[in-house]
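The values are calculated or read from the model by the stated rules, or taken from the named source; none is laboratory data. Just so it is clear, the structure is predicted and the values come from calculations on it, not from any experiment. Counting neighbours? That spans all protein chains shown, and the Cβs are built from the backbone with ideal geometry, glycine included. All accessible areas refer to the heavy atoms of the entire protein, side chains included, with ligands and DNA or RNA removed. Shrake-Rupley method; radii C 1.70, N 1.55, O 1.52, S 1.80 Å.
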Amino acid sequence: MYIYNVTINIEETIHDEWLDWMKNEHIPDMLSIGKFSKALMTKVLVEEEMGGITYSVQYTTDSKETLQKYYAEDADRLRNETNRFAGKFVAFRTELEIVSEQNG
């Protein structure tokens, strides 16, 4: 299993609109393409020197191949939807491979 992690720092002036859009439009759109089985959105509790509010969204997928298909088939279109918030956020993306998962 793989996780496609997107960490976003959003300006406070646009935060509420962005958060609503993420929860009600963008994340559902990401899941609707059929390449991710779930999404986990978390708020980063460390304050950034640059200000703003930081979130991590982790999309779980079954394989590196499926993630590559996302990049080839869907990433540009879905990333372009963030243009409405241009200049108000910074984002970086990380690929993670699940090595072990345990429940207590």
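Structure summary
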read-out: Per-residue HN-Hα couplings for segment 45-51 [Karplus 6.51, -1.76, 1.60; θ = phi - 60°; Hz; x = Gly/Pro]; value: 8, 7, 6, 8, 4, 7, x
read-out: Within the chain, longest stretch free of exposed GluC sites (Glu not before Pro) [DSSP loop, at most 14 other beta carbons within 10 Å]; value: 50-100
read-out: Degrees between helix 64-73 axis and first principal axis of the chain (Cα, 0 to 90, nearest 10); value: 50
read-out: Sum of -39500 (n - 2.57) over DSSP H runs of 4+, divided by residues of the chain (222 nm, nearest 500); value: -7000 deg cm²/dmol
read-out: Cβ-placed point charges (K, R +1; D, E -1), dipole of the chain about Cα centre in debye, nearest 20; value: 260
read-out: Carbon/sulfur fraction of accessible area - the chain, other protein chains in place, 1.4 Å, %; value: 47
read-out: Listed residue (Trp18, Asn103, Phe36) projecting farthest to the positive dipole end of the chain, Cβ model; value: Phe36
read-out: HN-Hα J in Hz across segment 54-60 - Karplus 6.51, -1.76, 1.60, θ = phi - 60°, x for Gly and Pro; value: 10, 10, 10, 10, 10, 9, 8
read-out: Average Cα contact separation per residue, the chain, under 8 Å, 6 or more apart, as relative contact order %; value: 47
read-out: Heavy-atom accessible area per residue - the chain, 1.4 Å, Å²; value: 64
read-out: Formal net charge of residues neighbouring Gly34 (Cβ-Cβ distance under 12 Å; K, R +1; D, E -1); value: -2
read-out: Length released on extending from Ala75 to Leu96, taking residue separation times 0.36 nm less the Cα-Cα span; value: 5.8 nm
